[in-house]
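We did not get these values from a lab; they are worked out from the coordinates using the rules stated. Since we're looking at a predicted model, the values are computed, not measured. All Cβ positions, glycine included, derive from the backbone under ideal geometry; neighbour counts span all protein chains shown.
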Ligand SMILES: NC(=O)c1ccc[n+]([C@@H]2O[C@H](COP(=O)([O-])OP(=O)(O)OC[C@H]3O[C@@H](n4cnc5c(N)ncnc54)[C@H](OP(=O)(O)O)[C@@H]3O)[C@@H](O)[C@H]2O)c1
């Protein structure tokens with residue numbers, strides 16, 4: 001598969017230990033505007049801090065604007081705007097309000113997400129992970145299209161969780177056999193495929209897209225997994241510290257910030273990245289080792305998912 005042959009590290013000089021601040025060394029984002037969904041918690045908060053620290057103005061959509069404003073208190077050049085990605089009407093209103101400001105975006109980080117939730121139905125009965133993690137961002141980026149005029153980088157925060165599932169074409173909304181981990185995995189494959197086809201459609205107009213696996217980081221994302229099982233899952237040591245191989249939020253934000261800003265990625269796109277470089281094809285099923293599985297970068301699956309998502313959301317600004 002041609003896309004798999006493009007999945008080769010390019011020698012970024014950064015790695016698993018690099019932080020978002022590290023990868024912005026020598027990069028001045030003054031005059032640039034970023035949008036970071038989930039930019040007030042976990043990795044997103046670390047990304048927002050780093051981007052603002054490098055001079056960018058950062059718009060942070062938030063389904064809980066109060067806590068978001070609190071988390072971002074003291075972080076310069078940030079602006080919180082209400083948005084629930086589970087509500088397509090809210091996504092439309094958010095984009096219409098932004099359009100009225102005439103603002104355009106140079107960087108978009110689609111970082112908001114939920115993981116391993118109990119079965120949740122959204123809107124017309126959509127599965128919750130697929131709806132929030134994928135369809136909400138799909139609609140958001142399509143509706144933001146006019147604000148990306150002149151070129152922009154879009155980073156879709158995926159996960160090595162994609163190892164567990166491709167897209168369930170016959171049942172994407174888990175009408176049967178709901179499994180919280182498979183639902184998360186499908187949504188993360190969708191995040192990766194979104195970047196592949198967005199890049200294919202947007203590149204001619206300078207809209208480039210990347211997907212990233214941030215690494216493993218303890219954040220509020222794990223809230224639906226009982227704490228009693230974290231040690232057995234290999235997430236924490238017996239004394240409660242993050243297990244070896246886990247990253248800090250600042251390290252976890254680094255790959256998304258690198259993909260959004262690295263000069264080395266100019267004229268590239270549609271790639272899946274990890275540890276601040278383009279990821280190699282996965283050679284193991286060990287998610288901690290990572291790499292990318294073929295179903296997450298398959299251009300035909302990416303086009304098919306785009307078409308399905310456009311039908312479901314009624315948005316398609318790039319085709
Ligand atoms: N942490 C990891 O180990 C890891 C590994 C691989 C991939 N990732 C990915 O990295 C991204 C960030 O994860 P994180 O660990 O930083 O998690 P986090 O701290 O829980 O942050 C997730 C953010 O998404 C927001 N969000 C959730 N549902 C939303 C909705 N319906 N509308 C708008 N915003 C919504 C949350 O808002 P509230 O705070 O209001 O809920 C929160 O701000 C996710 O896409 C996740 O899948 C994380």
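Some notes on this structure:
- The range 132-170, residues that are closer than 28 Å to residue 288 by Cβ and more than 13 Å from the chain's Cα centre (by Cα): 163, 164, 165, 166, 167, 168
- Count of the range 72-93 residues, restricted to those that are free of Cβ contacts under 8 Å to residues at least 40 places away in the same chain, within 13 Å of the ligand (Cβ to nearest atom) and buried (at least 21 other Cβ atoms within 10 Å of the Cβ), is 1.
- Residue list for the range 202-229, restricted to those being crowded, with 23+ Cβ neighbours inside 10 Å, farther than 16 Å from residue 19 by Cβ and within 7 Å of the ligand (Cβ to nearest atom): 213
- Selection status of residue 58, within 15 Å of the ligand (Cβ to nearest atom) and in contact with a strand residue (DSSP E or B) (Cβ under 9 Å, 6 or more places away or on another chain): yes
- Criterion (in a loop (DSSP other than H, G, I, E, B) and crowded, with 22+ Cβ neighbours inside 10 Å) met by exactly one of 113, 55: 113
- Residues that are closer than 17 Å to residue 263 by Cα and either more than 16 Å from the ligand (Cβ to nearest atom) or in a helix (DSSP H, G or I) (or both), drawn from the range 34-49: none
- When residues of the range 266-319 are limited to those that are farther than 21 Å from residue 167 by Cβ, out of contact with any strand residue (DSSP E or B) (no Cβ under 8 Å at 6 or more places or on another chain) and touching a residue at least 24 places away in the same chain (Cβ under 8 Å), the one surrounded by the most Cβ atoms within 10 Å (Cβ to Cβ): 276
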